Amino acid sequence: MSMFDEINGNKWWLAKKNDLYQEVFAFVTRLDDRQKYRSHDNLRYARLYGNYDYLGLDAYSYAKIDSVLTSSNRMTLNVVQNMIDTVVSKITKNRPKAQFLTSGGDFSLQSRAKKLTKFVEGIYSYDEFYDKAALAFTDASIFGTGCIKIYEDDNQIKTERVFIEEIKIDDVEAYYAKPRQMHQVKYVDRDVLRGMFPGKDIMIEQADYIDADQANSEQLRDMVRVIESWRLPSSEFAKDGKHSICVSSGTLMDDKYTKSYFPFVFFRWGIRPVGFFGQGLAEQLQGLQLEINKILRTIQVSMHLVSVPKLLIEASSKIVSAHLNNRIGGVIKYAGTPPAYAPLGTIPPDLFSHLDRLFSRSYEIAGISQLAAQSLKPAGLDSGKALREFNDLETERFMSVAKRYEKVFIDAAEIIIDMGKDIYSREGEYKVKAKDGKFIETIDWKDVDMDADKYMMEIFPTSALSNTPAARLADIQDLMAGGFIGKEDALKLLDFPDLEATTNMLNADNENLEKLIEIMMDKGKYFPPEPYQNLENTIRKTQQAYLMYRVQGASENRLELLRQYMEDCQNLIMKSKERSPSPQELAQQLASQGAKGAATAALAQGQEGPVGQDSAIASGALPLGDMVQQGVQQLGQSIAGPMQEQVKAQMSEAMGKMQP
């Protein structure tokens with residue numbers, strides 16, 4: 001019997017704050033008693049996967065086992081763990097990315113959608129969401145359902161993987177997989193709980209673990225059983241939503257809950273026709289695993305019975321048993337018929353054939369090949385294209401599972417966006433750091449905030465290219481052969497870590513240009529081109545960006561920046577083609593004109609050489625700084641002085657030849 005009394009029956013959310021904790025603990029305790037079958041199933045699947053004889057799955061008993069029984073009862077061929085580990089590695093190697101798209105929006109909305117993608121990706125990256133999603137996928141493969149919680153902590157959005165045994169849902173209420181209430185039972189250190197709820201020290205000190213017999217345990221003295229509960233509003237305008245946190249001695253928090261969702265995202269390996277929880281791969285394979293265990297046991301016993309050598313000795317042979325030993329060159333005295341070894345028995349080959357058949361059938365149920373489980377490639381598939389086709393065919397078996405895995409990231413993004421709005425409206429600002437290539441960019445919520453009807457979400461893989469270097473190189477070579485990308489884009493797509501230094505240098509021109517275009521379009525700041533760029537390539541890529549942003553409806557003042565940039569590039573190209581004449585060419589030009597006055601005027605003006613402020617190098621170049629600029633001027637003067645004297649001498653000689 002429960003030590004707590006129910007006042008409102010199932011409707012714990014209607015209780016007063018002083019009575020709320022009793023209602024919650026009474027409901028959850030009764031729910032556990034009525035649905036013990038779920039805990040028993042989870043315990044069995046955990047034992048199948050871990051090959052470990054767990055006593056229970058709570059903090060009190062999960063580590064208590066009988067070491068003698070565990071060593072003797074371990075499975076020698078654990079196909080459940082083998083299949084689950086292979087599937088988890090195959091599915092979670094992809095890192096789905098939530099992409100926000102606008103339908104018919106202007107450039108401003110498209111820019112916000114692009115930043116919103118970075119905003120969500122920043123939270124995924126810095127909170128290690130992908131690693132937690134892989135753990136939740138493993139839970140789903142074992143227990144049928146995996147879970148990730150999304151919550152606020154110190155005005156920041158956090159995530160954590162939740163062990164599915166902590167989630168308590170009424171199976172009757174969740175018949176259509178849409179429960180209206182949910183509870184999370186968690187064991188928290190007493191000191192941590194005091195820090196989370198200051199002023200509740202007496203209540204926390206009086207709280208116990210779970211019940212009287214376990215609460216006196218030395219191991220659990222500092223652990224407190226905490227139940228966090230949610231009740232969704234009955235309708236859009238109803239005010240019966242509830243969010244509470246309770247311990248066995250009182251209510252730590254009691255708030256209204258207005259959201260239409262629980263702060264969890266769930267993944268299910270297999271979907272059941274009814275009910276909330278899914279079916280795991282361990283459940284699908286448990287029948288085969290048990291049959292394999294029986295066959296292995298039969299083979300083991302048969303080997304011990306018929307495969308051990310035995311001696312046949314006549315009763316009247318008078319053989320001393322002590323003479324039957326392993327001594328080299330020993331003598332055995334006998335009378336009558338000498339002792340002889342009995343012929344060894346044979347184990348029926350059908351046993352081994354049946355074992356192999358069951359083992360192969362387990363791969364078929366899991367939907368993977370034995371080659372994939374052993375990290376081997378099929379014989380005869382040596383080309384990158386053939387291997388890619390083989391991987392595509394094998395991946396089709398997991399299409400529905402992969403879709404459900406990707407949906408986790410969409411559901412999580414929706415909750416993250418809603419929480420981001422709440423934090424911004426409450427605090428006035430909310431910023432997230434996101435990776436932008438090899439740099440870090442700070443995304444402010446005010447730059448990404450927009451109504452939900454202005455965008456839609458889609459999931460894309462982080463990279464559509466293959467993961468292995470050889471297959472990735474083959475993909476890019478195919479794109480180059482088809483004329484879809486150039487060498488510069490190919491080097492960027494390769495992204496090999498051991499070639500990073502070289503590719504960074506080769507891709508510097510393109511990366512610099514992409515960054516400049518992005519700044520000009522997002523912030524409206526103009527950066528003139530430099531003569532040290534690949535100007536022809538710069539004009540081509542800027543033209544492509546200009547046409548793209550024009551189609552997207554960018555403002556005219558931003559498009560004008562790109563037009564000005566292309567014009568400045570063209571001017572630099574024209575200036576680079578102009579060449580100043582050498583002193584000899586200048587003297588011959590003046591002499592050929594036959595104009596003594598022009599030559600004299602040139603000498604009088606002190607025509608200088610081609611190096612200095614008016615040279616082709618200085619024209620159109622960006623300021624180089626005071627020290628560098630002074631150095632260039634001094635260098636120009638040091639060269640221009642002697643060159644000016646040389647020009648004067650050659651012009652005087654030319655003028656002398658013109659004298660009659």
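Of note:
- The stretch between Tyr37 and Arg95 holds 17.4 nm of extra length on full extension. This uses 0.36 nm per residue minus the Cα-Cα distance.
- Flagged links, alpha-carbon separation over 26 Å, of Lys259/Lys431; Lys256/Lys435; Lys132/Lys435; Lys16/Lys421; Lys17/Lys239; Lys421/Lys454: Lys256/Lys435; Lys16/Lys421
- For segment 245-288, fraction of C-alpha pairs farther apart than 16 Å, in %: 65
- Estimated at the nearest 10 Å², the accessible area of Ile123 is 10 Å² with a 1.4 Å probe.
- Quotient of C-alpha Rg and 2.2 N^0.38 Å, computed over segment 221-376: 2.22
- Within the assembled protein chains, the solvent-accessible surface assigned to Tyr60 is about 60 Å², based on a 1.4 Å probe.
- For segment 72-144, taking Cα atoms only, Rg and Dmax work out to 19.0, 69 Å respectively.
- Calculated FRET efficiency for the pair Phe527/Met456, C-beta based, R₀ 35 Å, to 0.05: 0.55
- Normalised by 2.2 N^0.38 Å, with N the number of residues, the alpha-carbon radius of gyration of segment 96-208 equals 1.44.
- Counting 0.36 nm for each residue step from Leu296 to Ser317 and taking away their Cα separation leaves a gain of 3.6 nm.
- Full-stretch length increase - Glu578, Met253 - with 0.36 nm per residue and alpha-carbon distance subtracted: 109.2 nm
- Thr92 sits with roughly 30 Å² accessible to a 1.4 Å probe, with DNA, RNA and ligands left out of the calculation.
The values are calculated or read from the model by the stated rules, or taken from the named source; none is laboratory data. Every value quoted in this text rests on a predicted model; they were computed, and no experiment measured them. Virtual Cβ from ideal backbone geometry, glycine too; neighbours counted across all protein chains shown. These area figures cover heavy atoms from the full protein model, side chains too; ligands, DNA and RNA do not enter into them. Shrake-Rupley method; radii C 1.70, N 1.55, O 1.52, S 1.80 Å.
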